[in-house]
Amino acid sequence: MSRMFMAKLKKIFRGGPGSFGGFVAVATLAFILFVFLKPGNNIFHWIAASREKARQEEQIRQYHEALQRLDDRIDMLVTDRDTLEKFAREQFHLAAPGEDVYILKD
């Protein structure tokens, strides 16, 4: 009986038209296509999400650089009196007592 069973298994896996091997190949191909092309979460979605992630990481990097520049500017304004005075004069049109302020507009 085991000899007959083994012969049938060999016949199934041997190949030829309508064989089990062909069925497995088609089923595997169908499964792979389904995984990669199913609606909602497919390979195209993964690629778009990857691009969006890269774009957002670049934006985060730019924000960190801008924050670093602002922190440097704050440190300079807090520690350097001349820089603070220049900033106050330019931004708020402040002047020392007795000075004249001229505002030129484009």
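Here are some notes:
- Among the GluC sites (Glu not before Pro) in the stretch 29-106, those located in a DSSP loop and surrounded by at most 11 other Cβ atoms within 10 Å of their own Cβ are Glu99.
- Within the chain, the selection of entire DSSP H helices by a Cα span of 24 Å or greater along the long axis and an average Kyte-Doolittle value of at least -0.5 returns 20-37.
- Rg over Rh [alpha-carbon atoms, Kirkwood Rh] for the stretch 60-106: 1.15
- Heavy-atom accessible area per residue - the chain, 1.4 Å, Å²: 95
- Translational diffusion coefficient (Stokes-Einstein; Kirkwood radius from C-alpha pairs) of the chain at 25 °C, 0.890 mPa s, in µm²/s: 112
- Relative contact order, percent, the chain [alpha-carbon distance under 8 Å, six or more residues apart]: 7
- The chymotrypsin sites (Phe, Trp or Tyr not before Pro) found in the stretch 60-106 that occupy coil by DSSP, while having at most 15 further C-beta atoms within 10 Å, are Tyr102.
The values are calculated or read from the model by the stated rules, or taken from the named source; none is laboratory data. This one's a predicted model, so the numbers in the text were calculated from it and none came from an experiment. Methodologically, a virtual Cβ is constructed for each residue, glycine included, from the backbone with ideal geometry; neighbour enumeration extends over all protein chains shown. Heads up: the accessible areas ignore ligands, DNA and RNA and are worked out on the full protein's heavy atoms, side chains in. Shrake-Rupley method; radii C 1.70, N 1.55, O 1.52, S 1.80 Å.
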